[in-house]
Amino acid sequence: MSEGIGLKNTGHGPGTDAYLGMVDSVTRTPDEIKRSRNLGIAYLIGAVITVAVFVQGTGGTATFNLDNDASFGIGAIPLAWICAVSLAVLGGVQISRGTANFQSALLGVAAVLFIFTLMAWAAAGQSFSLTGTLHDALKASTPLVFGALGGILCERSGIINIAIEGFLLAGAFTSAVVGSVTNLWIGMIAAMIVSSLLALLLAWLAIRFLVDQVIVGFAINFFVLGLTSFVDARVLTSNPEYNGVPTLAEWKIPLLSDIPIIGPVLFEQTIYVYLGLALVALVTWALFSTKWGLQTRAVGEHPKAAGTLGVNVLRRRYVNLAVAGAITGFGGSWWTADVGRFNENITNGRGFIALAVVLVGRHHPVGALCAALLFGFSDALALKFSFLSTSIPSEFLELAPFLVTLIVVASVGRGHRVPAALGQPYEQQ
Amino acid sequence: MTDVQSPPDAPTDSPSDPNGKRGLRDRIDTTNAITLPLLAFISALVIGTIVIAFSDIDKLQDGDFGGILTTIKDAYLALPDGAFNGWRPINETIVSTTPLLLAGLAVAITFRAGLFNIGGTGQMLVGGMCSVYVGFSMNGPSIIQIPLAVGAGMLGGIIWGIIPGILKARAGVHEVISTIMLNFIAGSLVLYFLKTDLFVREGRSDPISKLVTPEGTLPKLFAFLDRPELRAHIGFLFALAAAFFFWWLIEKTKLGFEIRAEGANSNAAQYAGMKPAFLIITSFAVAGGFAGLAGASEVLGTQGRATQGFAGDIGFDAIAVALLGRSTPVGTVLAALLFGALQAGGQRMQVETGVPVDLVLILRALIILFIAAPLLMKAIWRISAKGASSGPSFGGWGS
């Protein structure tokens, strides 16, 4: 199974995986050696980019503003050299002998160092609000987190969810229209209900009529895009009273928001951020520590076995899909709360990025959160950089996260296994 | 995608009515290959009717149901009218069909290999940019410039298409991730290049490329009619040739057989001595070539320049085309023609009746859905469920 099979089932269950993880430091399979080497090559590419681009920068001190008056400065070019040397050493070690159990941690550290160098390079000789950027990054990643959580719940239950984009768009549309007639809170609930119904439609067609789940997903995306654009053009433009909601204010958490640096980043946000983070914790706990989670994973991995042991597979799938739809729909209402209105195709492909987030995050809520933060961060960074008078074209910053994702996924991508029964119809006895 | 074209109409001599009479429902069932798409189309129109009616809130509030019926009638009459009635509608249908067909083939070939190419947009963008560069920078005779420009577009598409193939085959990156990423990367790169001196039109600050020279522009298809507003160009012939090439490749060559085998069962294909890595990369290269050709045809023929969004949503619409056409050559051509006609008719409908062209998107989604759900169609239309198949199937991330 080593050649070109990608995300396919590796054939061993979670227990085997854990076992393989334990023996990883002792013996390494050829596949792991290859993965390790790929990651090393990615580090070396990073080092080359650093020398070729960042070291050649204009130089000077980049000032990072933290809070109101606190700030610190870093020499852009020395930092670039530090980054380049670290990455080169890391790459060398990674290729020659691997970094065993520290692989993920080191990847994280290297990524942070690289991003810092990038920021220092862009902001050399100028000042740059670090907390503001992190704050915006968290904010921008929120809808991705909700979309990805919905996707994870779906796929862990064995149903492919390509319709995240459609669910988000439906949520955005519903919350805007219902929110205009009533208020935003009722709009959020309506968004959850509508997306939930769409998810149930996906489940119903996939389970009852055995329609291919990828096709249903795409059809739902097209349908929601068409319907919302249609109603927007035909009804909302001529009746603006159905499309205008006061935006949601940020809610400063008392005491916690006074903590330096962390406070303004984490605790001066809208409830979407708080709920999103809480939901990541909740879903992680529920999936891996409760009976429901065990049953859900069983239904996604081996529905026949789960069914034999008395789990109602189809009901579990329906219920989970409804919950997943509700979560994603709530994420869709983020746009209404943020912008205050619905525009045609307002989600603009975010659902597909959320899909990538699910896969990059390896169907794990925490992994998905990290991946979503990467995209959110680059969004915020590109926006901030457009205000800096740097010579870098903003387009390169916009494409950076996608490039980074590609490189990261290419270097550690192999070995990710998806739920074994994903996409397969199940016939209940 | 285990078997896309599992023909549901195979058993024609199946035992019908015990009385020896073949009822209407049985006959419908045996002509499934035609009936099913037709019923799907009718079902989509019915739901479209409901959408038109309920979105007409002014008339609903006035209780003007006669007016609503008139709107629906006018809208549905405008669709075929704007798609087929006369040279100009036919011309518009061809213009809309051309990129849909080419990009649809780019998705279809990967479906046949069990892969999912969401990257049509990116491949079109890169191909189109290569084409437009040759299109405006050269000033040679058409006989040289056009093949060069078209070739550059295909090459650009192939290069952009081969990346997800290599990433999948060599590093195990799922093609859905890589093609989504590459779409965004291509979009940013196009925007960047359109602002550089290399591409930007003199005296313009917005991202728009120089105009393709008259020698580099694809000849008009209906030039013999001497009507300049008929903008259909020979890109349509390229698209038909590409469809023919697709048929030849997939049905008549060893490579095509291997691609199909890879799509049906990768492990079996590997066990039989085929090389999955090579097949994955080749499928993506061919797909990129088709999509690059689509981009070339758009910038060299239809638009005459490149802008930020010259590929539009065609890469995504192409997925619908391939799904509806079940990734067969003939099916893809017919699906592209249907969607192209709907697009052209939809424009006419919007102008004449004020019903937004987005209705076409709704119809398109419903048609795909219903085609993919023969069991649902049978349940709705009360056709006997004999020989019910579960429709086209395509394994997602896993198998």
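The values are calculated or read from the model by the stated rules, or taken from the named source; none is laboratory data. Here the structure is a predicted model, which means the values were calculated and not measured. Please note: Cβ atoms are built from the backbone with ideal geometry, for glycine as well, and neighbour counts cover all protein chains shown. For accessibility, only protein heavy atoms count, side chains too; no ligands or nucleic acids. Shrake-Rupley method; radii C 1.70, N 1.55, O 1.52, S 1.80 Å.
Give me, ordered by chain and number, the residues 5 or more places off B:Ile208 or on other chains with an amide H under 5 Å from its own placed amide H.
Here B:Arg201 satisfy the definition.
At most 16 other C-beta atoms within 10 Å and a DSSP loop state: those are the exposed trypsin sites (Lys or Arg not before Pro) I care about. Give me the longest piece of chain B that has none.
B:23-200
Using the Karplus equation 6.51 cos²θ - 1.76 cosθ + 1.60 (θ = phi - 60°), what ³J(HN,Hα) coupling, rounded to whole Hz, does each residue of the range A:151-166 give in order, writing x for Gly and Pro?
x, 5, 4, 4, 6, 5, 8, x, 10, 5, 10, 9, 8, 3, 4, x
What number comes out for accessible area per residue over the protein assembly as shown if the probe is 1.4 Å? Units Å², please. All intermediate terms of the calculation are to be shown ahead of the outcome.
Numbers: 33120 Å² over 828 residues.
It amounts to 40 Å² per residue over the protein assembly as shown.
If you count only protein heavy atoms and use a 1.4 Å probe, how large is the accessible surface of B:Glu251, to the nearest 10 Å²?
Surface open to solvent at B:Glu251 totals about 70 Å².
Of B:Ala379, B:Ile314, B:Pro276, whose Cα points farthest to the positive end of the dipole of chain B (charges on the beta-carbon: +1 Lys, Arg; -1 Asp, Glu; origin at the Cα centre)?
The residue sitting farthest along the positive end of the dipole is B:Pro276.
Hey, what do the phi angles of the range A:325-331 turn into as Karplus ³J(HN,Hα) couplings, whole Hz, using 6.51/-1.76/1.60 and θ = phi - 60°, x for Gly and Pro?
Karplus-based 3J(HN,Hα) across the range A:325-331 equals x, 5, 4, 5, x, 4, x Hz.
In the range B:44-186, carbon and sulfur make up what percent of the accessible area (probe 1.4 Å)?
Answer for the range B:44-186 is 72 percent, counting heavy atoms of protein chains only.
Structure shown: which of B:Lys220/B:Lys252; A:Lys34/B:Lys252; B:Lys168/B:Lys254; A:Lys384/B:Lys195 lie over 26 Å apart, alpha-carbon to alpha-carbon? Intermediate results must be reported in sequence, preceding the final value.
On the way: B:Lys220/B:Lys252 32 Å; A:Lys34/B:Lys252 37 Å; B:Lys168/B:Lys254 22 Å; A:Lys384/B:Lys195 20 Å.
Check vs 26 Å cut-off fails for B:Lys220/B:Lys252; A:Lys34/B:Lys252.
Taking the full set of protein chains and a 1.4 angstrom probe, give the accessible area of A:Val313 in square angstrom, rounded to the nearest 10.
Probe radius 1.4 Å; accessible area of A:Val313 about 0 Å².
Using protein chains only (no ligands, no nucleic acids) and a 1.4 Å probe, work out which residues of the range B:252-285 have their accessible area cut by at least 10 Å² relative to the chain alone.
B:Ser266, B:Asn267, B:Gln270, B:Pro276, B:Ala277, B:Ile280
Let's test this: bin the Cα-Cα distances of chain B at 20 Å from zero up to the farthest pair and state each bin's percent.
26, 53, 20, 1, 0
Just to check, using Stokes-Einstein with a Kirkwood Rh over alpha carbon pairs, what's the diffusion coefficient of the range B:193-330 at 10 °C and 1.306 mPa s in µm²/s?
D = 90 µm²/s.
Where Rh is the Kirkwood radius over the Cα pairs of chain A, the temperature 25 °C and the viscosity 0.890 mPa s, what D in µm²/s does Stokes-Einstein return? Each step should come with its number before you reach the end.
Numbers: Rh = 23.1 Å.
The calculation lands on 106 µm²/s.
List for the range B:333-365: residues with 50 Å² or greater reduction in accessible area, all protein chains versus chain alone, probe 1.4 Å?
Residues of the range B:333-365 that lose at least 50 Å² of accessible area once the other chains are added: B:Pro356, B:Asp358, B:Leu361, B:Ile362, B:Ala365.
Show me the three semi-axes of the equivalent ellipsoid for the range A:202-332, from the C-alpha gyration tensor (sqrt of 5 times each eigenvalue), largest first, rounded to whole Å.
On the way: eigenvalues 235, 166, 18 Å².
Those come to 34, 29, 9 Å.
Starting from the 7 Å offset along Cα-to-Cβ, what nm value, one decimal, do you get for the label separation of A:Glu268 and B:Ser142?
Simple spin-label model gives 6.4 nm for this pair.
Rounded to the nearest 20 debye, what is the charge dipole size of the protein assembly as shown about its Cα centre when +1 sits on each Lys and Arg Cβ and -1 on each Asp and Glu Cβ? Can you show the working numbers first?
Working: 51 positive and 51 negative charges, 394 e Å.
Rounded to the nearest 20 debye, it is 1900 debye.
What is the mean projected area of the alpha carbon convex hull for the range B:268-371, to one decimal in square nanometres?
9.0
Using only the Cα atoms, what convex hull volume per residue in Å³ does the protein assembly as shown have?
Per residue, the Cα convex hull of the protein assembly as shown comes to 191 Å³.
What is the log10 of I(q)/I(0) for the range A:54-182, computed with the Debye formula using one identical point scatterer on each Cα and no solvent, at q = 0.13, 0.17, 0.18, 0.23 Å⁻¹?
Those come out to -0.83, -0.97, -1.00, -1.20, one per q.
Just reorder A:Cys83, B:Cys130 by solvent-accessible area, largest first, 1.4 Å probe, all chains present.
Ranking A:Cys83, B:Cys130 by accessible area, largest first, yields B:Cys130, A:Cys83.
With θ set to phi - 60° and the Karplus curve 6.51 cos²θ - 1.76 cosθ + 1.60, what are the ³J(HN,Hα) couplings of the range A:38-51 in order, to the nearest whole Hz, using x for Gly and Pro?
4, 5, x, 4, 4, 4, 5, 4, x, 4, 4, 4, 4, 5
So how many Å³ per residue does the convex hull of the Cα atoms of the range A:63-128 work out to?
Convex hull of Cα atoms, per residue: 76 Å³.
About the Cα centre of chain B, what is the dipole size in debye to 20, counting +1 per Lys and Arg Cβ and -1 per Asp and Glu Cβ, all else neutral? Mind showing how you got there, number by number?
Working: 28 positive and 28 negative charges, 167 e Å.
Magnitude of the dipole: close to 800 debye.
Between A:Ala105 and A:Thr182, with labels modelled 7 Å along Cα→Cβ, what's the label distance in nm to one decimal, could you check?
4.9
Taking a virtual spin label 7 Å from the Cα of A:Thr58 along the C-beta vector, which residues in the range A:105-134 bring their backbone nitrogen under 17 Å of it?
A:118-129
Provide the buried accessible surface between chains A and B in square angstrom, both chains summed, 1.4 Å probe, rounded to the nearest 100.
5500
Which one of A:Thr290, A:Ser196, A:Leu309 has its Cα pushed farthest toward the positive end of the charge dipole of the range A:130-411, where Lys and Arg give +1 and Asp and Glu give -1 at the Cβ?
Result: A:Leu309.
Quick check: at a probe of 1.4 Å, how many percent of the accessible area of the range A:130-411 sits on carbon and sulfur atoms?
Accessible surface attributable to carbon and sulfur in the range A:130-411 totals 69 percent.
Once ligands and nucleic acids are excluded and a 1.4 Å probe is used, how much of B:Leu198 is accessible, expressed in Å² to the nearest 10?
90
So for the pair A:Leu66, B:Arg227, with labels modelled 7 Å out along Cα→Cβ, what separation do we get in nm?
My value for the distance between the label points is 7.3 nm.
Tell me, which residues of the range B:188-222 get at least 40 Å² less accessible area when the other protein chains come in, versus the chain alone (1.4 Å probe)?
When all protein chains are present, B:Ser188, B:Tyr192 each give up 40 Å² or more of accessible surface.
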